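The values are calculated or read from the model by the stated rules, or taken from the named source; none is laboratory data. Source: prediction; values computed, not measured. Cβ placement follows ideal geometry from the backbone for every residue including glycine, while neighbour counts extend to all protein chains displayed.
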Amino acid sequence: MAKQFIGTVGLMLLGTALAQSAEMRVLVKDYKGKLVADAVVLAVPVDPRSALHAHPPTDAMDQVDKQFVPYVKPIYVGSTVRFPNSDNIRHQVYSFSPAKKFELPLYAGTGAPPVVFDKPGVVVLGCNIHDWMIGYIYVSETPFFTKTGPLGTAVITDMPAGEYIVRLWHPSMDHTEETTNRRVTLSADSPASAEWQIGLKPSIRVPRVSGAASPSYP
Ligand SMILES: [Cu+2]
């Protein structure tokens, strides 16, 4: 709401400057028509100058009930991510992914050193203590990204009007990101919409009941 208000005021004051701001709405389903959450949507401007304004924020990947929360987190390349631990046991978070290899010391609370993600790509997170814990950080080369919610929808706002190559990634996708590439033209006066159907492998994620005891693990 606040953003919309500022946008309106800005438009009145600045005229065409903010009128260039466009948005894209996305819907992602699987081949059976089921809505797909946690799909990362990436819009790469064909004119790379469009991306220069963005600066990477600090973000967080939590650990709650021996799960990474959120399951999928897209971030802009160069972002710093903290790994707070909301459980009252210790975790030891690591990744072997080429985009970022790291290992945090065994820790509780919020004391773990933040990690800078300086290379685009998928970073698969695990925990040395709890084998089932899996989470994903998608390091985006473009500042224009989001992920779908439970209804398979997502919106990317504040995009400069122009041409984009838009693609998807999902942890269970059974085809490459490149096969989802779409060329999308964004104009300032009307939002663009795009819909995808993607193939998903059966989920390897082990559903866990919140707060359930896990006697075979510390
Ligand atoms: Cu753990």
When you scan segment 62-77, how many residues do you find that are more than 16 Å from the ligand (Cβ to nearest atom) and farther than 14 Å from Leu125 by Cβ? 2
Identify the single condition in (1) charged (D, E, K, R); (2) in a loop (DSSP other than H, G, I, E, B); (3) more than 12 Å from the ligand (Cβ to nearest atom) that Asp59 does not satisfy, given that it satisfies every other one. (2)
What tally of residues in segment 147-176 results from selecting those that are modelled with pLDDT of 95 or more and touching a helix residue (DSSP H, G or I) at 6+ places or on another chain (Cβ under 6 Å)? 3
For segment 96-152, enumerate the residues that are polar (S, T, N, Q) and either more than 21 Å from Ile165 (Cα to Cα) or surrounded by fewer than 16 Cβ atoms within 10 Å (Cβ to Cβ) (or both). Ser97, Thr110, Asn128
Is it the case that Asp30 is in the same structural domain as Thr185 (by TED's automatic domain parsing) and of a type in the set (Asp, Glu)? yes
Answer with yes or no whether Ser50 is closer than 30 Å to Thr180 by Cβ, in contact (Cβ under 8 Å) with a residue 40 or more places away in the chain and touching a helix residue (DSSP H, G or I) at 6+ places or on another chain (Cβ under 9 Å). no
